[in-house]
Structure formats: structure tokens, C-alpha cells
1. From the list 65, 36, pick out the single residue that is modelled with pLDDT of 80 or more and aromatic (Phe, Trp, Tyr).
2. Going through 166, 117, 205, 175 one at a time, which residue ends up being in contact (Cβ under 8 Å) with a residue 40 or more places away in the chain, among the small types (Gly, Ala, Ser) and crowded, with 18+ Cβ neighbours inside 10 Å?
3. Which residue, of 112, 165, is under 15 Å from residue 216 (Cβ atoms) and modelled with pLDDT of 95 or more?
4. Which ranges mark the helices (runs of 4 or more DSSP H) fully within segment 126-188 that have 2 or more residues being among the basic types (Lys, Arg) and in contact with a strand residue (DSSP E or B) (Cβ under 7 Å, 6 or more places away or on another chain)?
5. Within segment 10-58, work out how many residues are assigned to a loop (DSSP other than H, G, I, E, B) and aliphatic (A, V, I, L, M).
6. Taking the condition within 20 Å of the chain's Cα centre (by Cα) and among the polar types (S, T, N, Q), does residue 90 pass?
Amino acid sequence: MDNIIQGIAIYALPVIFAITMHEAAHGYIAKHFGDFTAYNEGRISLNPIRHIDLVGTIVVPLILFVLSKLTIGAGFLFGWAKPVPVNFSNLRKPKRDMLWVAAAGPGANLLMAFFWALVIKLGIVMPEHDFVKPMVLMGIAGIEINVILMVLNLLPLPPLDGGRMAVSLLPHRIAYQFAKIEPYGFMILLGLLFSGVLGAVIGPAVTWTKLMIVSIFGLYI
């Protein structure tokens with residue numbers, strides 16, 4: 001039980017920062033390109049409460065983390081935040097600008113992964129203190145969470161960010177047909193998750209990205 005509590009304490013802050021920055025980035029870039037929907041609803045904010053979904057951000061990840069710790073000994077996380085509202089028709093050039101609005105979320109997660117790598121680097125060079133080990137463990141968790149969130153959202157499956165980016169890049173007729181997948185996207189994602197296909201698809205990209213970040217910052221973790 002102590003390991004579970006420690007794991008929750010280490011992962012809580014990175015998870016909150018990851019979803020907050022991801023969603024706020026969508027709203028900020030949408031505002032930049034002319035859609036003030038998220039801004040008017042107060043969603044361009046670093047206040048995590050504005051982005052937390054009670055079920056998707058707290059209940060589901062907590063249950064999955066505890067159960068996976070008890071059954072397989074490793075923490076497993078899956079969840080979601082409240083999506084930032086974007087009215088693509090308000091964008092100055094909707095089809096083109098959709099690409100940048102969608103890419104903002106994964107881009108924010110990549111920057112957060114770099115931030116946590118710096119946290120680890122700082123922890124390594126600091127004199128030995130009681131808080132250094134938890135700080136480094138939190139940095140490792142931060143890299144892992146943000147890389148997984150980035151890679152997952154880049155999958156070309158609406159309504160994931162990668163799906164919206166694909167809609168932006170595809171020719172109009174194909175994009176229109178492809179966008180029709182969106183109502184079924186979440187069910188498809190869950191099917192891929194529980195069948196093990198999702199892990200097989202994103203696993204290599206997650207591993208490669210983490211190795212890239214570790215090598216950039218000269219970390220050995």
C-alpha cells in the first residue's frame with residue numbers, strides 16, 4: 001500500500017501539468033488564429049481545475065493505477081481531460097489553422113517532457129537531500145506521461161489531435177469522409193487499447209522519443 005501511495009504522489013503533479021498544458025495550448029493557439037471560444041469560457045488557463053474531468057482525469061486513472069499496481073506490480077495510467085472547446089468555423093482559415101490548433105497539444109507535451117528532463121538533470125547535480133530522489137522520480141514520471149500523451153494524441157484517429165491534423169492535410173473530399181469516423185473514435189481507441197494493438201503501435205515511438213530526450217540531456221536513468 002505504501003508503494004501505491006508513493007506512486008500516486010509521484011505521478012499526480014506530472015499528470016496534472018501534462019493535461020493542463022495540453023488543453024491550454026489548444027485554446028491559446030485557437031485564440032491566436034481567431035477562435036475565442038475557449039478564451040471566453042476561461043479555458044486558456046494554467047489552473048488545472050478548469051481542465052479536469054472528474055471521471056476521466058481522476059477516477060479512471062486512479063482505479064487503473066491501483067489495480068495495475070496490485071495485479072502486475074507496475075502502474076498503468078489511462079484517462080482524459082475535458083476537451084477545450086474549439087469552433088473551427090471561427091478560425092481565419094479553418095482547414096489550414098486546424099492543423100496548428102491540433103498540433104499545439106502534443107507540442108506542449110513535448111515541451112513538458114523537456115522541462116521534466118531538466119528537473120532530473122537538476123536533481124542529479126544537486127547535493128544529496130531527502131527531496132532529491134522524489135524529485136528525480138517525478139521527473140522520470142513526467143517524461144513518461146508527456147511522451148505517451150504526445151504519441152497517443154498524434155495517432156491519425158479522430159477526435160485525437162492526429163486525426164484533426166489528418167483532416168487538415170487531406171484533400172477536402174477525403175477529409176470530409178475521414179472526419180465521419182469521429183463519433184466512433186473513442187470506441188475504436190478503447191478496442192485498440194484492450195486488444196493490445198495500441199501498445200504495439202505506439203510503444204516503439206514512445207521508447208524512441210524517451211531515448212531521444214534522455215540523450216539530449218545526457219541523462220542515465
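The values are calculated or read from the model by the stated rules, or taken from the named source; none is laboratory data. Keep in mind that what you see is a predicted model, and the values were worked out from it rather than measured. Virtual Cβ from ideal backbone geometry, glycine too; neighbours counted across all protein chains shown.
1. On the way: 65 fails: modelled with pLDDT of 80 or more.
After ruling out the rest, the residue left standing is 36.
2. Numbers: 166 fails: in contact (Cβ under 8 Å) with a residue 40 or more places away in the chain; 205 fails: crowded, with 18+ Cβ neighbours inside 10 Å; 175 fails: crowded, with 18+ Cβ neighbours inside 10 Å.
It is 117.
3. On the way: 165 fails: under 15 Å from residue 216 (Cβ atoms).
Residue meeting the stated conditions: 112.
4. Numbers: elements: 132-153, 161-169, 172-179.
So the answer is none; nothing clears 2.
5. Initial filter on segment 10-58 (assigned to a loop (DSSP other than H, G, I, E, B)): 33-36, 41-47, 51-53.
Applying the additional criterion that residues be aliphatic (A, V, I, L, M) yields 44, 46, 52.
Residues meeting the conditions: 3.
6. Values: within 20 Å of the chain's Cα centre (by Cα): no; among the polar types (S, T, N, Q): yes.
Against the criterion (within 20 Å of the chain's Cα centre (by Cα) and among the polar types (S, T, N, Q)), residue 90 does not qualify.
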